[in-house]
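Notes follow the structure.
Derivation of every value follows stated rules applied to the coordinates shown; laboratory data play no part. Bear in mind that the values here come from a model prediction, so they are computed numbers and not experimental data. Positions of Cβ are generated from backbone atoms using ideal geometry, with glycine treated the same way; all protein chains shown enter the neighbour counts.
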Amino acid sequence: MRRALRGARAAWWRARFRLWAARLDLELRRRGGRLVLDAPHGLRFDGPPRIRAVMRGEGDGTFTLRVGRRASVGRDLHLEVWAQGTNVLELGDDAYLLDGVRILLRSGSVRLGARTLVRDYSVLKSEGVLEIGADAQVSYHSVIHCRERVELADRVMMAERVTVVDSEKVRDGGDTPIVEGPLRVGPIALGRNVYVGAGVVITHGSRVGENSTVAAGAVLAGGEFPAGWVIGGVPATALRPLGEPSLATPPG
């Protein structure tokens, strides 16, 4: 009896997902794109993700959606896709997106590894390649903006309100409108098992070695940061190796 109930529930989830995927494909086709679906196990959701297909983008007009086993999303997920671009969204096995997450694909890709969690009201925006490894976490109200490439390796853990952005407008003090200024872009990479504290800002060209801790409120303004260190400050520097006592620690 219990097995039959589980089977019926799984069939219901798959049917619900197929109905939503058909609507997604229709919205894309109306704006010059189409859905390429690789999701034999479906996708579980507390509420159907909201869809916004935009008649923009550069590419072959495909949106590839790959979903692993037991991947799921919460309520009120917003999915925006530039229909005429080449877009990819991959959710690994047991990946989970909580309520109010926004995913914006503007001729780009977002790939989440197995068991990776994106918490409530975070934003993942990609015009390039945004990759998050397995067993990672993006916490509440965080923003990742990928213009070219952002890579978070396996087991990267981010606390709340973290901002990661791999591009910025160049300012020279002149009167040129900000939106018309040239763009400076540099890939961002966080190594395996990096912990990022609350309120951290990581800008273009920053690379953090594995097993490091980025202290709350730090601003990484580009450059290489060593593995296994505490990184903090504005602008951030490598403060001390992990495992060594802080100079602020009282003796004895």
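Taking the longest Cα principal axis of the chain as reference, the axis of helix 2-30 is set at about 80 degrees. Neighbour counting of Cβ atoms within 10 Å sorts the residues VAL201, VAL36, VAL194, fewest neighbours leading, into VAL36, VAL201, VAL194.
Would you mind classifying region 89-135 by shape? Square roots of the alpha carbon gyration tensor eigenvalues, ordered a ≥ b ≥ c; an a/c under 1.5 is rounded, otherwise it is prolate if a/b is larger than b/c and oblate if not. Because a/c hits 1.5 or more and a/b fails to exceed b/c, region 89-135 counts as oblate. Rounded to the nearest 20, the size of the Cβ-charge dipole of region 1-114 about its Cα centre is 520 debye, with Lys and Arg at +1 and Asp and Glu at -1. Here is the tail figure for region 162-220: Cα pairs spaced more than 13 Å apart come to 64 percent of all pairs. Sorting VAL138, VAL179 by the number of Cβ atoms found within 10 Å of their own Cβ, with the fewest placed first, yields VAL179, VAL138. Rg over Rh for region 1-114 works out to 0.99, both radii taken from alpha-carbon positions and Rh defined as the Kirkwood radius. Summing Cβ point charges (Lys, Arg +1; Asp, Glu -1) relative to the Cα centre of the chain gives a dipole of roughly 1440 debye. Computed from point charges on the beta carbon alone (+1 for Lys and Arg, -1 for Asp and Glu), the dipole magnitude for region 79-140 about its Cα centre is near 180 Debye.
Distance from the Cα centroid of region 6-74 to that of region 107-132 is 16 Å (rounded to whole angstrom). The slack in the chain from ASN211 to ASP38, taken as 0.36 nm per residue of separation less the alpha-carbon distance, amounts to 58.9 nm. Spin-label model, ARG29/ILE51: points 7 Å from Cα along the beta carbon direction are separated by 1.0 nm.
Bridges between two residues of region 1-114, per DSSP, are antiparallel at a rate of about 0%. Where (i) 26, 21, 18; (ii) 35, 25, 13; (iii) 35, 21, 16 are the candidate values, the label of the one calculated here for semi-axes √(5λ) of the Cα gyration tensor in Å is (ii). In this structure the amide hydrogen of LEU43, modeled in the peptide plane, comes within under 5 Å of the amide hydrogens of PHE17, none closer than 5 places in sequence on its chain.
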